[in-house]
Every structure is written in C-alpha cells, then in structure tokens.
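See structure below.
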Amino acid sequence: MKRYITALIVITMAGFIFTTGVHAQKARAASTDTSVVQQPLYTDFRGAKLGMTVEQVREKLGTPVLKDAEMDYFVLSDAISAQVAYDANHQATTISVDYANGAGAPEYRAVVGPEITTHPDGSMYAMVRYQSQRFWVSYSRTAGPVSVVTITIQKF
C-alpha cells in the first residue's frame, strides 16, 4: 500500500512538473528575457526553504502524512497541502503548495509580482526565474467551479 501511495504521489508530481514545464516554455516564448535581478518576493513556505534538510523541513511543517527519502507529503488543513521533494543529499529542491479553492493562498502579486497571464476560462499562470539564486517560483490557478492555486518554488 505504501508503494502504491508513493507511486501515486510521484506520478502526480511528475504530471505537475511536466505541466509547469509546458507553461514555462510558453512564458519564455512570449518574452526574450525572463531573468529577474530583483530580490525574490516568495522564498519559503511557513519557514521551509529550498536547501533545508529533511529534518529541518519537518521541523517547520510538522509530520508528513506520507514520507519517503525523495518526497514528503503534508496535509496542513482541509484546504492546504504541500509536497517537498529532496535530492540525493536529502535537501529540499522543490516545495509545492496546493490551496483548494484558493483558500489561504497569498495573492499572486506577493508571489510573482504584478504580471500574470489570465486566460478567458479564469485560470492564471506566472513564473519568475531568479538566475543568480538558481531557483524559480510559479503561481498557477486552475479554472472551474473548484479551483486550485498551486505555488511552487524549485531549484534549477
């Protein structure tokens, strides 16, 4: 059962990363220079930051409902869940947070700044790359009657 759940989470993350990559490619195609030299607006989630060890992340976010050497899955409330992926050195490389129906999510301006792509169906997406600090941040809101806001911080 644990393998099944772990596989399900890995497949979900892979799908999310693929989807994010597709959006990122579209965003890069629209602009010739996506690098940003400003200070990042959004660098952590509840104190958990990229580069932290598994133990440090768990100290900030609590006990994950599913844990593995490569990823932790946290359910923080009925509306908020987080996934943290780790590298071979057991340091956080990705922090992705989902807000069901956008409940508790920060406004996109506080995450990626004033510019965001809004689609006719109401979905939104923006990504900001911080070249000098070797990470990116994205904000995504799905369309539909029950939307999900996903904020991701990832090393590159």
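Observations
- Positions within segment 129-156 being closer than 11 Å to Pro40 by Cβ and among the charged types (D, E, K, R), in sequence order: Arg129
- Hits in segment 109-146 - residues which are buried (at least 19 other Cβ atoms within 10 Å of the Cβ) and small (Gly, Ala, Ser): Ala126, Ser138, Ser140
- Residue in segment 55-63 that is without any contact (Cβ under 8 Å) to a residue 40 or more places away in the chain, small (Gly, Ala, Ser) and surrounded by 12 or more Cβ atoms within 10 Å (Cβ to Cβ) present: yes
Readers should treat all values here as calculations from the given coordinates under stated rules, not as data from a laboratory. All figures in this text were calculated on a predicted structure; none of them were measured in a lab. Here the Cβ is made from the backbone with ideal geometry for all residues, glycine too, and neighbour counts use every protein chain on show.
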